[in-house]
Amino acid sequence: MEQYRDELGDWRMVILSPFGGQVHAPWAQAIEAVLADRSGFEVQTIWSDDGIAIRFAGGDELPPVESLFPGPDEVEELVVSRLANTALFASHFRENAGRALLLPKRRPGARSPLWLQRQRSANLLAVASRYGSFPIILETYRECLRDVFDMPGLVQVLREVQSHEIRVVPVQTREASPFARSLLFDYVAAYMYEGDAPLAERRAQALTLDRNLLRDLLGEAELRELLDAGAVEQVELELQCLVENRKAKTVDHVHDLLRRLGDLDVEEVAARLAAVGAAEAWLGELETSRRACRVRIGGAERWIAIEDAGRFRDGLGVSIPVGVPEVFLRRSENALEGLLARFARTHAPFVTAAPARRWALPESLIRETLEELDAGGKLLHGDFRPGGREREWCDPDVLRQIKSRSLARLRREVEPVSGAAYARFLQRWHGIGSAARGLERLRDVIGQCEGVALPASALEREVLSVRVGDYQPAMLDSLMAAGEVAWFGAGRLGRDDGRIVLVRREMLSTFAPTSPEAPGPLPAAILAALEARGALFFSDLVMATSAPHTEVLEALWDLVWAGSVTNDTIAPVRALAWGRRGTPPAPRGRIGKLPPEAAGRWSVVRPGAVDESRTATTARSHARAQSLLDRLGIVTREGVAAEEQPGGFSAVYPVLKAMEDAGRVRRGYFVEGLGAAQFALPGAAERVRAEREAPDEQTAVVLAATDPAQPYGATLAWPRDDESSRKAYQRVAGARVVLVDGVPVLYLAPGRRAILAFPAVADESLLAVAAEVLASDPASLGSKGLSIERIDAEPVGDSAIARALLAAGFARGFRGLTRRSERAVLRNA
């Protein structure tokens, strides 16, 4: 039995024996049962053919040796008590239930996915476990205890240990022996293969490893990359009594400070007192009562406890003032070692130069003494401080405190974030308000929004303009003219608006609808002409169909919103916002003047038949999954459902799962309140957790309700005062949402004449910021300004929201509150 402390001070115990894994596996479970049920130790065990490794996290004492060797008569009962909760039992139960035809397949001859088998098996086990005589459960116990485990062999080993036929040799070592290292490699393997986990999970798990062993196997794994800088700082403040609850409040406490911390000057003592200005008086009182004295160290005056006089004299060579009692001046053995050990106990990891500078001693002498302490197991030497450049020294107990604090902080980090944090993340993920400009930025934005259907009326004015600092419609026109970007319709929204999808032209056939609705006679004739002759102008379509202009135009736009026909420019979509203009019938043989919404060349979105091969279908699913990851950062069932993606979440889930297996995405519980199936890009998990705490300076933004960077009403539910609230928040064209630090505060309804409040308006500071940003938002004001007539379906009146809007620059008008835009003011001037 090999016992040693790892670098972090946690006990490790390794039972080395030649009896094989069939004996060691049930033995390890019996040890866990004994230590958890009888001794209160929560342990982790790993077994192999060579023995059993046991880790005692955070324990200062080891359990008695006898507890690791349960009695031969009770060991089977201990194993049975733990077996049902193991993965081994679950896997064998699944196999037995499958052989017994208790897990039917959906289709004969087709293999069920492993995750589905596990889910069904777990459900069956939960029900069957209520009946102790259920035959499959009994068979699983028999299989584990007789076929997998060698229970008779374990009983024989324990009986021979009890009768001293097998000798147990406890050995304490400074580090793991070569025999134990081969067994402990399982801990390191777990660390290595979890490398695709988010940073917080990696650091939290790595802190539980044997750092010496890990450094030997991996070459370099410094604690400075794992320990939390804030935890290091907090522990040092507490050790130095610089936190409020540890400051000295009486003269006796000051004496205790000097004994605990060593030499301090007057300013250092004053910083550690709860009472301001009492340092000199209390130190003088200690000097008068011969409980402290003044010494000079490195040319500076310091105060030390009278009990340390001999140690400072022998260790640092300082002169002791006259009058110190002889009992405190006896010769001290290893005085400098004692002073350095106390320095280590009261400081976070430090470099050799720190005590050398404080005491004006040569660094070589300090280093030599520290190395002696390290050899005696009293200090640790390694890379500890985050951002440090030299190897530091640290007391094992101090490092254990830092490790515990770091683990606590990291565990908080891996907790799911709130919806507001996810909203803040999305704003930064999409670059809302970005200063980036030019065509390159526009290409990036289109790539991120590729595949999502957005209202045409909001696309440029409310989506692209908030992401590209110098956006102009001509920029999108130039990309389309160059053949880089294409678009297609995705559903009509009223007469003059609809949803359109922007894509890179090479991805047009990938994202285009695979099964548009069957058209009527005239739309079918338009499609036939386009498929036969390629891209055509509107006049060519009129002549090809021999139908009136207005009917051809209506049929053409029906095809556009169905996703069957597109244009080489987006100008016709813009023209819809101007309103349809009737076109007078042209004289026979002449085309006449064309309406602007018919401009450009029209073509079919997907020429030819849809490729339904398995390869093409997989490529389309992969492209949609990648698009969702690029746009949402964290893909959830709710987010996919809100975008109305073809096939829904079930269509992209297999791709996301395969990407997870390949290490390209991570699966976890990142945002609270959403489903467990959350998939994140490698950088997204860390970035969303970085938004856990709201910034010190409040940030507000007004976004279109349909903007992909506005998650409420899609991935996240609209906040409501209570379940009975009937406020009509909707993700529709024309609606806008005011968010402050990711929290929705105000909802500007379509038509811009009504405001709905979110629960956050109860916070006056949030309401004031929201009102100010709404009053200055160009997209909300438009060219004519805002006229708010109703707030929460009631007349404006004198509500808190009305007062906040008035303070932000709105004025009372005949019907409500008005705010004129700058363009309107300049036009009237």
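The values are calculated or read from the model by the stated rules, or taken from the named source; none is laboratory data. Quick caveat: nothing in here was measured; it's all calculated off a predicted structure. Cβ atoms come from the backbone with ideal geometry, glycine included; neighbour counts cover every protein chain shown. With ligands, DNA and RNA removed, areas are computed over all heavy atoms of the protein, side chains included. Shrake-Rupley method; radii C 1.70, N 1.55, O 1.52, S 1.80 Å.
So, Pro572, is that one over 20 Å from Met507 (Cβ atoms), touching a helix residue (DSSP H, G or I) at 6+ places or on another chain (Cβ under 8 Å), at pLDDT 90 or above and not acidic (Asp, Glu) or not?
Details: over 20 Å from Met507 (Cβ atoms): yes; touching a helix residue (DSSP H, G or I) at 6+ places or on another chain (Cβ under 8 Å): yes; at pLDDT 90 or above: yes; not acidic (Asp, Glu): yes.
Yes; evaluated as a whole, the condition is true for this residue.
Would you confirm whether any residue within the range 534-543 is in a strand (DSSP E or B) and more than 16 Å from Val452 (Cα to Cα)? Can you show your working first?
Kept after step one, since they are in a strand (DSSP E or B), are these residues of the range 534-543: 536-537.
Filter once more, so that each one left must be more than 16 Å from Val452 (Cα to Cα): 536-537.
Yes, that holds for at least one residue.
Which pairs do you get when a residue that is among the β-branched types (Val, Ile, Thr), found in the range 642-657, comes within reach of a residue that is assigned to a loop (DSSP other than H, G, I, E, B), reach meaning Cβ atoms under 8 angstrom, with the pair 6+ apart or on two chains?
Note: pairs meeting the criteria are Val652/Gln645.
Kindly indicate the residue of the range 623-656 that is open to solvent by 20 Å² or more (accessible area, probe 1.4 Å) and touching a strand residue (DSSP E or B) at 6+ places or on another chain (Cβ under 8 Å) and also modelled with the lowest pLDDT among those meeting that condition.
Among those that are open to solvent by 20 Å² or more (accessible area, probe 1.4 Å) and touching a strand residue (DSSP E or B) at 6+ places or on another chain (Cβ under 8 Å), it is Glu644.
With respect to Gln710, is the statement that it is open to solvent by less than 20 Å² (accessible area, probe 1.4 Å), in a loop (DSSP other than H, G, I, E, B) and either farther than 22 Å from Asp661 by Cα or out of contact with any His (no Cβ under 9 Å at 6 or more places or on another chain) (or both) true?
yes
Quick check on the range 356-375. Is at least one of its residues in contact with a Lys or Arg (Cβ under 9 Å, 6 or more places away or on another chain), at pLDDT 90 or above and of a type outside the set (D, E, K, R)?
yes
So which of Arg99, Arg94 is surrounded by fewer than 14 Cβ atoms within 10 Å (Cβ to Cβ), at pLDDT 85 or above and charged (D, E, K, R)?
Working: Arg94 fails: surrounded by fewer than 14 Cβ atoms within 10 Å (Cβ to Cβ).
Exactly one of Arg99, Arg94 is surrounded by fewer than 14 Cβ atoms within 10 Å (Cβ to Cβ), at pLDDT 85 or above and charged (D, E, K, R), namely Arg99.
Among residues belonging to the range 316-328 that are of a type in the set (A, V, I, L, M) and surrounded by 15 or more Cβ atoms within 10 Å (Cβ to Cβ), point out the one that is farthest from Glu371 (Cα to Cα).
Taking the range 316-328 first, the residues of a type in the set (A, V, I, L, M) are 316, 318, 320, 322, 324, 327.
With surrounded by 15 or more Cβ atoms within 10 Å (Cβ to Cβ) added as a condition, the list becomes 316, 318, 320, 324.
Values: Leu316: 18, Val318: 23, Ile320: 28, Val324: 33 Å.
Taking the candidates together, the pick is Val324.
Name the pairs: first residue in the range 249-278 and within 25 Å of Arg358 (Cβ to Cβ), second residue hydroxyl-bearing (Ser, Thr, Tyr) and open to solvent by less than 40 Å² (accessible area, probe 1.4 Å), Cβ to Cβ under 8 Å, at least 6 apart or on different chains?
Going by the 8 Å Cβ cut-off, the qualifying pairs are Arg260/Thr346; Leu261/Thr346; Gly262/Thr346.
Yes/no per residue for (1) closer than 13 Å to Ala248 by Cβ; (2) open to solvent by less than 40 Å² (accessible area, probe 1.4 Å):
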{"site": "Ala270", "(1), (2)": "yes, no"}
{"site": "Ala274", "(1), (2)": "yes, no"}
{"site": "Gly277", "(1), (2)": "no, no"}
{"site": "Thr288", "(1), (2)": "no, no"}
{"site": "Arg296", "(1), (2)": "no, no"}
{"site": "Glu307", "(1), (2)": "no, no"}
{"site": "Asp314", "(1), (2)": "no, no"}
{"site": "Glu333", "(1), (2)": "no, no"}
{"site": "Leu336", "(1), (2)": "no, yes"}
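Quick check: is even one residue across the range 443-451 open to solvent by 40 Å² or more (accessible area, probe 1.4 Å) and closer than 16 Å to Thr715 by Cβ?
Going through the range 443-451, the residues open to solvent by 40 Å² or more (accessible area, probe 1.4 Å) turn out to be 443-444.
Then keep just the ones that are closer than 16 Å to Thr715 by Cβ; that gives none.
Looking for residues that are open to solvent by 40 Å² or more (accessible area, probe 1.4 Å) and closer than 16 Å to Thr715 by Cβ, one finds none in the range 443-451, hence no.
Search the range 365-392 for residues that are more than 14 Å from Leu227 (Cα to Cα) and pair each with any residue that is of a type in the set (Val, Ile, Thr) when their beta-carbon atoms are under 7 Å apart and the residues are at least 6 apart or on different chains.
Ile366/Thr352; Arg367/Thr352; Leu370/Thr352; Glu390/Val351
Given the criterion over 30 Å from Ala625 (Cα atoms), touching a Ser or Thr at 6+ places or on another chain (Cβ under 7 Å) and surrounded by 17 or more Cβ atoms within 10 Å (Cβ to Cβ), identify the matching residue among Leu530, Leu541. Step through it out loud before you land on a result.
Details: Leu541 fails: touching a Ser or Thr at 6+ places or on another chain (Cβ under 7 Å).
The match here is Leu530.
Residue-by-condition table, conditions (1) open to solvent by less than 10 Å² (accessible area, probe 1.4 Å); (2) of a type outside the set (Asp, Glu):
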| residue | (1), (2) |
| --- | --- |
| Glu460 | no, no |
| Gln472 | no, yes |
| Trp487 | yes, yes |
| Ala490 | no, yes |
| Leu502 | no, yes |
| Glu506 | no, no |
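Going by what's in this entry, would Glu301 be described as modelled with pLDDT under 90, loosely packed, with under 14 Cβ neighbours inside 10 Å and over 17 Å from Thr250 (Cα atoms)? Can you show your working first?
Details: modelled with pLDDT under 90: no; loosely packed, with under 14 Cβ neighbours inside 10 Å: yes; over 17 Å from Thr250 (Cα atoms): yes.
So Glu301 does not fit the description; no.
Looking at the range 716-765, which of the residues that are assigned to a loop (DSSP other than H, G, I, E, B), of a type in the set (S, T, N, Q) and open to solvent by 30 Å² or more (accessible area, probe 1.4 Å) is modelled with the lowest pLDDT?
Checking each candidate, the answer is Ser724.
Residues that are within 30 Å of Trp487 (Cβ to Cβ): list the strands (runs of 3 or more DSSP E) wholly contained in the range 367-462 that include at least 3 such residues. Explain how you work it out, then say what you get.
Numbers: elements: 380-382, 392-394, 453-455.
Ranges flagged: 453-455.
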